[in-house]
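Enquirer: I'd like to ask you about the structure that follows.
The values are calculated or read from the model by the stated rules, or taken from the named source; none is laboratory data. All figures in this text were calculated on a predicted structure; none of them were measured in a lab. With ideal geometry, Cβ positions are generated from the backbone for all residues, glycine too; neighbour counts draw on all protein chains shown. Only protein heavy atoms, including side chains, enter the accessible area calculation; ligands, DNA and RNA are left aside. Shrake-Rupley method; radii C 1.70, N 1.55, O 1.52, S 1.80 Å.
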Amino acid sequence: MFGLERMRALHAVATHGTVAAAASALHVTPSGVSQQLAKLEREAGQRLLEPHGRTIRLTTAGHVLAGHAAGILAQVEKARADLELLRDDITGPLRVGAIPTSVHALLPPVLAVLRAQHPGLEVTLHEGEAEETMPRVVDGRLDVAVVESWEHRPVVVPPTVSRTILLHDVADLVLPASHRLAHRKAVDLAEVDDIPWIGWSAGSGCHDWLVLVLRQHGNHGRISCTVGSYPTQLALVAANVGAAVVPRLGRDSVPDGVRVVTTRPALNRTIYAINRAEDDDRGAIRACVDALAAASARFENPA
């Protein structure tokens with residue numbers, strides 16, 4: 001029934017004694033306070049102020065309503081404080097999705113840090129490509145996701161989602177050590193026309209990206225093996241089964257029998273952390289993104 005700002009004006013007059021003092025406390029003009037009080041009197045249907053010598057004083061109705069105003073404003077401040085505590089509270093569930101290479105390289109230290117620094121946080125982790133995790137962030141089923149965006153296949157981030165750059169990564173060509181191009185420092189993918197390819201599972205974003213990159217470089221080679229693990233792909237290359245393209249973030253070590261060659265041109269991707277924009281100030285979200293950024297720092301442009 002009564003506007004909050006009008007109740008605030010009445011409370012200020014009751015507290016400070018004059019319209020001028022109330023205006024100073026509220027950082028508004030005296031005429032602004034007078035206008036709010038006049039509107040409040042119309043809403044109340046009673047006089048709330050009366051002349052008192054050269055100044056004014058509250059009527060009985062004014063004192064009654066000012067008492068209610070004090071209670072209402074106290075409740076509003078308590079609600080605001082409670083919301084601020086909730087915003088900074090780093091407890092409860094936190095649902096994270098991440099691409100496989102980041103699950104392997106980034107998430108173990110990130111989860112360790114979150115567990116040590118915020119023991120009240122209940123983190124669950126889901127592995128998945130951007131096409132799976134992005135919609136889950138948008139509709140609230142995930143709180144944070146780590147996604148990749150290739151130069152040849154950039155990820156589309158909806159306007160309701162915030163993204164934070166974690167690192168820039170490069171994918172290299174990996175060949176059996178016995179391959180005719182294995183001694184080279186850089187290779188155009190079009191040159192690799194005498195050996196099958198090893199890629200991720202058909203239908204995945206990584207598989208589609210590899211097909212796209214090969215076609216763009218004039219390579220129409222056959223993808224003979226589809227496996228969802230870069231260490232397994234490297235093992236297959238070492239066994240002379242085929243060639244693969246592996247991001248540096250996805251390589252812990254290179255097995256014997258494998259040679260790593262840079263591509264010409266380079267195959268670049270950016271790794272992002274994404275979350276709903278409305279959650280940017282949530283303490284748990286900030287803690288997770290900060291931990292991801294710290295873990296990513298040692299992988300920037302890995303060799």
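Enquirer: Listed residues R180, R276; which is loosely packed, with under 15 Cβ neighbours inside 10 Å, among the basic types (K, R) and modelled with pLDDT of 95 or more? Give the steps one after another, and end with the answer.
Expert: Working: R276 fails: loosely packed, with under 15 Cβ neighbours inside 10 Å.
None of the others qualify; the one that does is R180.
Enquirer: Also, quick follow-up: Within the stretch 1-16, track down each residue that is open to solvent by 70 Å² or more (accessible area, probe 1.4 Å) and either modelled with pLDDT of 85 or more or within 20 Å of H52 (Cβ to Cβ) (or both).
Expert: Scanning the stretch 1-16 gives E5, T15, H16.
Enquirer: Turning to a different aspect of this structure: State whether one or more residues within the stretch 17-36 are outside any helix (DSSP H, G or I), among the β-branched types (V, I, T), surrounded by 15 or more Cβ atoms within 10 Å (Cβ to Cβ) and in contact with a strand residue (DSSP E or B) (Cβ under 8 Å, 6 or more places away or on another chain).
Expert: First pass over the stretch 17-36, keeping only residues outside any helix (DSSP H, G or I): 17-18, 27-29.
Remaining after also requiring among the β-branched types (V, I, T): 18, 28-29.
The next check asks that each one be surrounded by 15 or more Cβ atoms within 10 Å (Cβ to Cβ); those that pass are 18, 28.
Filter once more, keeping what is in contact with a strand residue (DSSP E or B) (Cβ under 8 Å, 6 or more places away or on another chain): 18.
There is at least one residue in the stretch 17-36 that is outside any helix (DSSP H, G or I), among the β-branched types (V, I, T), surrounded by 15 or more Cβ atoms within 10 Å (Cβ to Cβ) and in contact with a strand residue (DSSP E or B) (Cβ under 8 Å, 6 or more places away or on another chain).
Enquirer: Which numbered condition trips up S224, out of (1) in a loop (DSSP other than H, G, I, E, B); (2) of a type in the set (G, A, S); (3) over 30 Å from P135 (Cα atoms)?
Expert: Answer for S224: the failing condition is (1).
Enquirer: All but one of (1) farther than 26 Å from E131 by Cβ; (2) in contact (Cβ under 8 Å) with a residue 60 or more places away in the chain hold for S253; state the number of the condition that does not hold.
Expert: All conditions are met except number (2).
Enquirer: If you check A116, A69, A112, which single one turns out to be open to solvent by less than 90 Å² (accessible area, probe 1.4 Å) and either under 30 Å from G3 (Cβ atoms) or touching a helix residue (DSSP H, G or I) at 6+ places or on another chain (Cβ under 6 Å) (or both)? Talk me through it step by step, then tell me what you get.
Expert: Working: A116 fails: either under 30 Å from G3 (Cβ atoms) or touching a helix residue (DSSP H, G or I) at 6+ places or on another chain (Cβ under 6 Å) (or both); A112 fails: either under 30 Å from G3 (Cβ atoms) or touching a helix residue (DSSP H, G or I) at 6+ places or on another chain (Cβ under 6 Å) (or both).
Result of the check over A116, A69, A112: A69.
Enquirer: Something else now. Out of E127, E151, which single residue is surrounded by 12 or more Cβ atoms within 10 Å (Cβ to Cβ) and in contact with a helix residue (DSSP H, G or I) (Cβ under 8 Å, 6 or more places away or on another chain)? Give the derivation first.
Expert: Values: E151 fails: in contact with a helix residue (DSSP H, G or I) (Cβ under 8 Å, 6 or more places away or on another chain).
Step by step, each of E127, E151 is checked, and only E127 is surrounded by 12 or more Cβ atoms within 10 Å (Cβ to Cβ) and in contact with a helix residue (DSSP H, G or I) (Cβ under 8 Å, 6 or more places away or on another chain).
Conditions tested, residue by residue: (1) modelled with pLDDT of 95 or more; (2) open to solvent by less than 20 Å² (accessible area, probe 1.4 Å).
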{"residue": "A244", "(1), (2)": "yes, yes"}
{"residue": "D252", "(1), (2)": "no, no"}
{"residue": "R259", "(1), (2)": "yes, no"}
{"residue": "R264", "(1), (2)": "no, no"}
{"residue": "A291", "(1), (2)": "yes, yes"}
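Enquirer: What tally of residues in the stretch 263-303 results from selecting those that are farther than 28 Å from W209 by Cβ and either part of a loop (DSSP other than H, G, I, E, B) or more than 14 Å from the chain's Cα centre (by Cα) (or both)?
Expert: The qualifying residues number 3.
Enquirer: Enumerate the pairs (first residue in the stretch 201-215 and touching a residue at least 12 places away in the same chain (Cβ under 8 Å) and part of a helix (DSSP H, G or I); second residue anywhere and among the acidic types (D, E) and surrounded by fewer than 18 Cβ atoms within 10 Å (Cβ to Cβ)) with beta-carbon separation below 7 Å, excluding pairs fewer than 6 apart on the same chain, so at least 6 apart or on different chains.
Expert: Between residues of the stretch 201-215 that are touching a residue at least 12 places away in the same chain (Cβ under 8 Å) and part of a helix (DSSP H, G or I) and residues that are among the acidic types (D, E) and surrounded by fewer than 18 Cβ atoms within 10 Å (Cβ to Cβ), the close pairs are G205/E131.
Enquirer: How many residues does the stretch 189-200 contain that are under 17 Å from W150 (Cβ atoms), touching a residue at least 40 places away in the same chain (Cβ under 8 Å) and hydrophobic (A, V, I, L, M, F, W, C)?
Expert: Going through the stretch 189-200, the residues under 17 Å from W150 (Cβ atoms) turn out to be 189, 197, 199-200.
Remaining after also requiring touching a residue at least 40 places away in the same chain (Cβ under 8 Å): 189, 197, 199.
Filter again for hydrophobic (A, V, I, L, M, F, W, C), leaving 189, 197.
Summing the residues that are under 17 Å from W150 (Cβ atoms), touching a residue at least 40 places away in the same chain (Cβ under 8 Å) and hydrophobic (A, V, I, L, M, F, W, C) in the stretch 189-200 gives 2.
Enquirer: Taking the residues in the stretch 184-200 that are closer than 20 Å to A239 by Cβ and not in a loop (DSSP other than H, G, I, E, B) as candidates, determine which candidate is modelled with the lowest pLDDT.
Expert: G199
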